[in-house]
Each structure stands twice: as C-alpha cells, then as structure tokens.
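Worksheet for the structure shown next.
Bear in mind these aren't lab numbers, they're just calculated from the coordinates by the rules spelled out. Because the structure is a prediction, the values reported are computed rather than measured. Methodologically, a virtual Cβ is constructed for each residue, glycine included, from the backbone with ideal geometry; neighbour enumeration extends over all protein chains shown.
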Amino acid sequence: MAKKVLRTQDKLKVVIDLNTDTKLYEAPINPPNTGSKYTDGTDLMAHKARSGNVYFYTYYWSMWQGVEEEFELVTENQAEEFLLDKMALPYPAELTGSEIKTAKEYGFELLEENA
C-alpha cells in the first residue's frame, strides 16, 4: 500500500502507512471454519508523527471485490473504546495478549479496573 494522507480537524496532514504504523488491533481475516464471517473488518492503528504526536486511525478493509478500503482518524478516547469493545468479543475476534501489551505501550490500561 502506498502512503495515505489524512487530515486532522485542524487541517494538519498525517501521512499514514499500514506497513510501518503500529497495529493495536487486527481484525481476523477469514480464519478456517468461519465461512464468510470474517471477509471484512476494521483494524486500529497508531501513527507516530515527526512532531512526536501519536495519531490513531481505523482501517476498514474487505476481501469483496469493489469494496473500497476506508481510513478515519479517531481520538484517543475513541481508540480506547474501540479496544475495550474488542476485548468483549469471542475468539477469533477478541483482543490478543500481544495486542493488549502493545495497547499498554501506548498508554491504554485496558485491564486496570477503575470501578
């Protein structure tokens, strides 16, 4: 994939690259014995800009011909909610241990109770 440019609300350019940006969550891609259930999905990515700022974005993909991929910048709060939602899913769509570890490196304390 070539690099893509997304714009912040302040019209700043964020140049993303799926090959180098960090995956915080990777949706399952048609694992065995699931039929057509996982032929599309949404991944959560983190991009560290030259400024040092971290930008989170979702990447919607599909294996279906003619369906366009989509990218959307999300806030840190939206990224955390996305990850928390994925933690509640059953296998194979649940958040993995390595994804939880990566999320923690970005400041998301997903397994810390705050009730």
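Here are some notes:
- Of the chymotrypsin sites (Phe, Trp or Tyr not before Pro) in segment 3-85, the ones in a loop by DSSP (not H, G, I, E or B) with at most 15 other beta carbons within 10 Å are 38, 64.
- Taking amide H atoms as placed 1.01 Å from N in the peptide plane, the amide H of residue 38 lies under 5 Å from those of 30, each 5 or more residues away in sequence or on another chain.
- Identified option (computed Rg and Dmax of the Cα atoms in Å; candidates (1) 30.8, 85; (2) 14.8, 45; (3) 12.3, 34): (2)
- Rounded to the nearest Hz, the phi-derived 3J(HN,Hα) couplings of segment 66-82 under the Karplus curve 6.51 cos²θ - 1.76 cosθ + 1.60 (θ = phi - 60°) are x, 8, 7, 6, 9, 10, 8, 5, 10, 6, 4, 5, 5, 5, 5, 4, 4, where x marks glycine and proline.
- In nm, spacing of pseudo-spin labels at residue 4 and residue 64 (7 Å Cα→C-beta vector): 1.8 nm
- Rounded to whole Hz, the Karplus (6.51, -1.76, 1.60) HN-Hα couplings of segment 3-9, x for glycine and proline: 5, 10, 10, 10, 10, 7, 4
- Checking every one of the trypsin sites (Lys or Arg not before Pro) in segment 80-115 against DSSP loop status and a limit of 11 other Cβ atoms within 10 Å picks out no site at all.
- Helix-only [θ]222 nm of the chain, DSSP H runs n ≥ 4, -39500 (n - 2.57) each, per residue, nearest 500: -5500 deg cm²/dmol
- Within the chain, percent of DSSP bridges classed antiparallel, to nearest 5: 100 percent
- Phi angles of segment 106-115 translate, via the Karplus equation with coefficients 6.51, -1.76, 1.60 and θ = phi - 60°, into HN-Hα couplings of 9, x, 8, 8, 5, 9, 8, 6, 10, 7 Hz per residue; Gly and Pro are given as x.
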